[in-house]
Amino acid sequence: MAGGRGIVFEEISKQFLVRGSPLAVLDKVSLDCPPGSFTALIGPSGCGKSTLLKIALGLETVDAGSVRIGGEPPDAVRQRGEIGIAFQDPALLPWRSVSANVALPLDVLGGSRPEQRARIPHLVSLVGLSGFETALPGELSGGMRQRVAIARSLVTAPDVLLMDEPFGALDLILRRQMNVELQRIWMEQSPTTILVTHGIDEAVYLADRVVVLGGRPGVVKGIVDIPFDRPRPTTIFRDPAFHRLTDEVGALLGGDEG
Ligand SMILES: Nc1ncnc2c1ncn2[C@@H]1O[C@H](COP(=O)(O)OP(=O)(O)OP(=O)(O)O)[C@@H](O)[C@H]1O
Ligand SMILES: [Mg+2]
């Protein structure tokens, strides 16, 4: 599957009412994520990254502008189970086994999708959890739970994958392992992906381009294209060309991110 659908944000403006006063969160944010592309979204806390992702899911309204996934409103796409979602809190059901948690989106959608169910063992092994199929979430480490959530986000073989700091709670070593695993998984399925992250290294390692959001309300501060071929070896983290790109992203962030 070659990631058939792009995501197009057109001049998105959004404000919230906070205790009666309007708070402008996004100001005319436009972003074109071509089919099968990998976009990392980075920016200081509170600049509207999660809000933008919720808008892409159709879970948050906009005041102006529009978002389309393959030309359709996101609600319709989400309701058909064609968007994979992985957020910071893996939110596994504690009474369900690893395999049953991975299967959850299929159960929610209903109907029989035997070819998708048949992929579950493969997905579990893809995230390195073979042998843990029947384990309960309480028996897993935080990193393993996070990997269950990644497998779950892929179970419908989504065209679109939206991830909001999926590795935020992990230590650096585990996070890097997860980055390598995510690259491998992404190469296998090539969903159109948006990854929200606070990690500059993670963004540059994984993405085709890094979009820097900033300001209040949030605007696109700049876009850094990442030209490296895939698969990207982990030695790339020490490559001067890699550091030039992380410096470029850091400069756009204005030095307020680590
Ligand atoms: N439902 C809501 N009601 C009111 N204000 C909200 C709501 N959701 C978000 N906000 C406000 O909108 C702004 C942007 O929030 P958002 O969660 O999108 O930021 P973020 O870039 O994801 O930050 P972080 O990096 O900390 O996750 C914040 O000021 C937040 O307080
Ligand atoms: Mg957020």
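For segment 72-121, the set of trypsin sites (Lys or Arg not before Pro) satisfying both a DSSP loop assignment and a count of at most 10 other C-beta atoms within 10 Å is empty.
When +1 charges are put on Lys and Arg Cβ atoms and -1 charges on Asp and Glu Cβ atoms, the dipole computed for segment 67-135 relative to its Cα centre reaches about 100 debye.
Between S13, L136, G222, the Cα set farthest toward the positive side of the dipole of the chain (charges on each charged residue's Cβ, about the Cα centre) is that of L136. Amide H contacts of F87 (H built 1.01 Å from N, in plane; Pro and chain starts excluded): D164 sit under 5 Å, all sequence-distant by 5 or more or on other chains.
For the chain, modelled as a GNM whose springs connect Cα atoms under 10 angstrom apart, the maximal fluctuation among T39, T156, T234 occurs at T234.
Three principal axis extents describe the C-alpha atoms of segment 92-157; from largest down they are 32, 22, 17 Å. The Cα center of segment 31-58 and the Cα center of segment 188-230 differ in position by 9 Å. A Gaussian network model of the chain, with springs between Cα atoms under 10 Å, assigns the largest mean-square fluctuation among G81, G214, G110 to G110.
Only alpha carbons enter this Debye calculation for the chain, each as an equal point scatterer, and the log10 of I(q)/I(0) it gives at q = 0.08, 0.12, 0.15 Å⁻¹ is -0.31, -0.71, -1.10.
How high is the relative contact order of the chain, in percent, counting Cα pairs under 8 Å that sit 6 or more residues apart? Write down the numbers at each step before the final one.
Working: 508 pairs, mean separation 68.4, N = 258.
It comes to 27 percent, rounded to a whole number.
Apply 1/(1 + (r/R0)^6) to the Cβ-Cβ distance of L17 and A169, taking R0 = 41 Å, and write down the FRET efficiency to the nearest 0.05.
Details: r = 30 Å, r/R0 = 0.74.
For L17 and A169, the calculated efficiency is 0.85.
In Å², and per residue, what accessible area does the chain have when probed at 1.4 Å with the other protein chains present? Could you put the intermediate results ahead of the total?
On the way: 11280 Å² over 258 residues.
Value for the chain: 44 Å² per residue.
Expressed as a whole percentage, what fraction of the accessible surface of segment 92-157 belongs to carbon and sulfur atoms when a 1.4 Å probe is rolled over the protein heavy atoms? Carbon-and-sulfur percentage of accessible area, whole number: 60. Under 5 Å between amide hydrogens, built in the peptide plane, is the criterion, and for F38 it picks out T193, D208, R209 among residues at least 5 positions away or on other chains. Shown is the FRET efficiency for A100 and A64, computed with R0 = 41 Å from the Cβ-Cβ distance and rounded to the nearest 0.05: 0.45.
Computed over segment 188-258, the range of Cα coordinates on each principal axis works out to 36, 29, 17 Å, biggest value leading.
Spin-label pair D239-E181: with each label point 7 Å from Cα along the Cα-Cβ axis, the two points sit 2.4 nm from one another.
What is the ratio of the Cα radius of gyration of segment 1-49 to 2.2 N^0.38 Å, where N is its residue count, to two decimals?
Values: Rg = 14.2 Å, N = 49, 2.2 N^0.38 = 9.7 Å.
Ratio of Cα Rg to 2.2 N^0.38 Å: 1.47.
Assign unit charges at the C-beta atoms only (+1 for Lys and Arg, -1 for Asp and Glu), then state the dipole size of the chain relative to its Cα centre in Debye, rounded to the nearest 20.
380
The values are calculated or read from the model by the stated rules, or taken from the named source; none is laboratory data. On a predicted model such as this, the values are computed, not experimentally measured, just so you know. Glycine also receives a Cβ, built like all others from the backbone with ideal geometry; neighbour counts cover every protein chain displayed. Note: accessible area is taken over every heavy atom of the protein model, side chains too, but ligands, DNA and RNA are not part of it. Shrake-Rupley method; radii C 1.70, N 1.55, O 1.52, S 1.80 Å.
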